[in-house]
């Protein structure tokens, strides 16, 4: 999305006037059970299926994300992952 175009559009809108702007946009949706969604809605999406993480992959990905993005210590990550993997 071009933020400058949107900013310009918003700054130039006057009361009672409309502007039109075409943006190249994409929508991503995630779901576990898509069977209950209406076919009219599903027809607008491309469905991709990914194999589930193994327990070890989950732990490795979680640790990378939590340490890099959330500034979490490796020890806190281990505690979190152990609790999540052990949950029913």
C-alpha long axis of helix 74-86 to longest principal axis of the chain, angle in °: 80
The chain: most fluctuating residue of 23, 66, 74 per GNM, C-alpha cutoff 10 Å: 23
Relative contact order, percent, the chain [alpha-carbon distance under 8 Å, six or more residues apart]: 17
On Cα atoms only, tilt of 3-12 relative to the major axis of the chain in degrees: 40
For Cα Rg over 2.2 N^0.38 Å, calculated from these coordinates, the label among (1) 1.78; (2) 1.06; (3) 1.43: (1)
GNM result for the chain, Cα springs below 10 Å: residue of 46, 67, 18 fluctuating most strongly: 18
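How would you rank 78-85, 4-11, highest first, on the average number of other Cβ atoms within 10 Å across their residues? Walk me through the intermediate numbers first.
Working: 78-85: 12.9, 4-11: 10.5.
Result, highest mean first: 78-85, 4-11.
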Rough spin-label spacing in nm, given labels placed 7 Å along Cα→Cβ, for residue 51 and residue 32: 2.1
Spacing of the two label points (7 Å from each Cα toward its C-beta) at residue 12 and residue 82, in nm: 6.0
The chain: angle of helix 55-69 to the longest principal axis, Cα-based, in degrees nearest 10: 50
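Just so you know, all these numbers are worked out from the coordinates, no wet-lab data involved. Keep in mind the model is a prediction, meaning the values are calculated, not measured. With ideal geometry, Cβ positions are generated from the backbone for all residues, glycine too; neighbour counts draw on all protein chains shown.
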